[in-house]
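S.K.: The structure's right below; bear with me while I get my questions together.
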Amino acid sequence: MGITSSRAGPGVTQVTIDFPPVNAPPVQGWFDLATAILAAGDDPATHVVILRAEGKGFCAGVDIKEMQRTEGHGALIGANRGCAAAFAAVYDCAVPVIAAVQGFCLGGGVGLVGNSDIVIASDDAYFGLPEVDRGALGAATHLARLVPQHLMRTLYYTARNIDAKQLHHHGSVYEVVTRDGLDEASLKLAGEIAAKDTRVIRRAKEAINGIDPQPVHRSYRYEQGFTFELNLTDASDEARDAFINGAKDA
């Protein structure tokens with residue numbers, strides 16, 4: 001369990017998220033994920049990274065239970081910094097990152113996927129930001145990389161989800177496959193990229209990031225500032241407590 005890295009083929013490194021039951025990493029898990037992705041990109045033998053997950057869903061976001069059982073704001077600050085580090089690692093990784101998404105991809109999962117280079121999803125995958133229902137804000141930066149502006153706002157304000165087929169229509173999901181075929185499809189595309197001259201692909205990643213119109217690191221940290229503001233009120237604690245109590249009753 002946790003964050004693991006493995007060689008999946010010539011030039012291909014898989015980084016796997018595995019935090020049962022819903023892949024909501026604790027604070028340290030986000031930092032571990034950032035370290036693993038950056039380390040893979042820094043390895044000359046790695047030409048492409050596949051970011052994947054074990055279990056029924058890709059990622060459910062931060063561990064809200066950890067946040068609520070921790071005294072003070074240490075876990076909140078840690079989760080915010082950990083998410084920022086993990087999202088940045090995907091974006092800054094020296095080689096392309098393919099996100100292989102199954103099941104739910106929520107909150108911080110959208111942050112990871114939105115900063116990846118390519119998204120392949122299973123036909124049961126869905127994406128959403130439940131932040132406003134949890135007394136927090138964040139990852140609108142990354143959702144805006146997946147859908148057009150007005151749809152992003154609608155999804156953000158309502159906390160509704162959008163499925164992989166809809167994202168494929170918008171061009172942000174490259175391919176939709178069966179869940180059983182997700183790893184195979186990801187490895188096939190990764191192998192195609194890995195077979196190319198990594199010196200060229202690494203410069204291509206750097207160049208594309210350099211012409212990106214959206215300053216993803218700065219805009220996400222700007223969003224997080226409003227989360228801290230909400231935590232100075234009762235809104236955030238009340239929302240998180242309601243979520244935990246609702247999960248217990250389910």
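S.K.: Given a Förster distance of 22 Å, report the FRET efficiency between Gln214 and Tyr157 from their Cβ-Cβ distance, rounded to the nearest 0.05. Walk me through the numbers before you get to the answer.
M.R.: Details: r = 20 Å, r/R0 = 0.91.
With a Förster radius of 22 Å, E is 0.65.
S.K.: By the gyration tensor of its Cα atoms, with a ≥ b ≥ c the square roots of the eigenvalues, what is the shape of segment 101-225: rounded for a/c under 1.5, prolate for a/b over b/c, or oblate? Let's see the in-between values first.
M.R.: Details: a/c = 2.31, a/b = 1.27, b/c = 1.82.
Cα axes put segment 101-225 in the oblate bin.
S.K.: Hey, can you grab everything whose amide H is under 5 Å from the amide H of Lys196? Only 5+ residues off in sequence or another chain; H modelled, so Pro and N-termini drop out.
M.R.: none
S.K.: Please label the shape of segment 178-234 as rounded, prolate or oblate, based on the square roots a ≥ b ≥ c of the eigenvalues of the alpha-carbon gyration tensor (a/c under 1.5 means rounded; beyond that, a/b larger than b/c means prolate, else oblate). It would help to have the intermediate numbers written out before the result.
M.R.: On the way: a/c = 5.23, a/b = 1.71, b/c = 3.06.
Because a/c hits 1.5 or more and a/b fails to exceed b/c, segment 178-234 counts as oblate.
S.K.: In segment 1-91, which trypsin sites (Lys or Arg not before Pro) fall in coil by DSSP and have 16 or fewer other Cβ atoms within 10 Å?
M.R.: Numbers: sites: Arg7, Arg52, Lys56, Lys65, Arg69, Arg81; in loops: Lys56.
Sparse-neighbourhood loop trypsin sites (Lys or Arg not before Pro): Lys56.
S.K.: Can you tell me which of 126-139, 230-243, 175-188, 36-49 comes out highest on packing, and rank the rest after it, using the mean Cβ neighbours within 10 Å?
M.R.: The densest-packed peptide leads the list: 126-139, 36-49, 175-188, 230-243.
S.K.: If you fit an axis through the alpha-carbon atoms of helix 74-92 and take the longest principal axis of the Cα set of the chain, what angle between them do you get, 0 to 90°, nearest 10?
M.R.: Helix 74-92 and the main axis of the chain meet at about 20 degrees.
S.K.: To continue, here is another question. What distance in nm separates the simple spin-label points at Glu229 and His73, each placed 7 Å from Cα in the Cβ direction?
M.R.: 1.4 nm
S.K.: Percent antiparallel among DSSP beta bridges with both residues in segment 1-123, to the nearest 5? Could you put the intermediate results ahead of the total?
M.R.: Details: 7 of 21 bridges.
Close to 35 percent.
S.K.: Need one word for segment 83-175: rounded, prolate or oblate. Basis is the Cα gyration tensor (sqrt eigenvalues a ≥ b ≥ c); a/c below 1.5 gives rounded, then a/b vs b/c decides. Please list the in-between numbers first.
M.R.: Working: a/c = 1.66, a/b = 1.15, b/c = 1.44.
Oblate, because a/c is 1.5 or more while a/b does not exceed b/c.
S.K.: How large is Rg/Rh for segment 41-107, to two decimals, with Cα atoms and a Kirkwood Rh? Kindly include the intermediate steps, with their values, before the conclusion.
M.R.: Values: Rg = 14.5 Å, Rh = 13.8 Å.
Across segment 41-107, the Cα-based Rg/Rh ratio is 1.06.
S.K.: As an exercise, identify the GluC sites (Glu not before Pro) in segment 1-85 lying in DSSP coil whose Cβ has no more than 14 other Cβ atoms within 10 Å.
M.R.: Values: sites: Glu54, Glu66, Glu71; in loops: Glu54, Glu71.
Here the sparse-neighbourhood loop sites are Glu71.
S.K.: Now a separate question. Among the DSSP beta bridges whose two residues both lie in the chain, what percent are antiparallel, rounded to the nearest 5? Working shown, then result.
M.R.: Numbers: 10 of 30 bridges.
For the chain, the DSSP antiparallel bridge percentage is about 35.
S.K.: Further question on the same structure: Restricted to Cα positions, what overall size does segment 202-250 have along the principal axes? Three whole-Å values, descending.
M.R.: Answer, in whole Å and largest first: 51, 27, 13 Å.
S.K.: Counting helices only, and only those DSSP H runs with n ≥ 4, report the 222 nm mean residue ellipticity of the chain as the sum of -39,500 (n - 2.57) divided by its residues, in deg cm²/dmol to the nearest 500.
M.R.: -15500 deg cm²/dmol
S.K.: Right, another one. In terms of the ratio Rg/(2.2 N^0.38 Å) built on C-alpha atoms, what value belongs to the chain?
M.R.: Details: Rg = 17.3 Å, N = 250, 2.2 N^0.38 = 17.9 Å.
Computed over Cα atoms of the chain, the ratio equals 0.96.
S.K.: A follow-up question, please. Mind putting together the pair-distance distribution for segment 1-51? All Cα pairs, 10 Å bins, whole percent per bin, short to long.
M.R.: Cα pair-distance distribution for segment 1-51, in percent: 28, 50, 21, 1.
Coordinate-derived values only; no laboratory data. Every value quoted in this text rests on a predicted model; they were computed, and no experiment measured them. Glycine also receives a Cβ, built like all others from the backbone with ideal geometry; neighbour counts cover every protein chain displayed.
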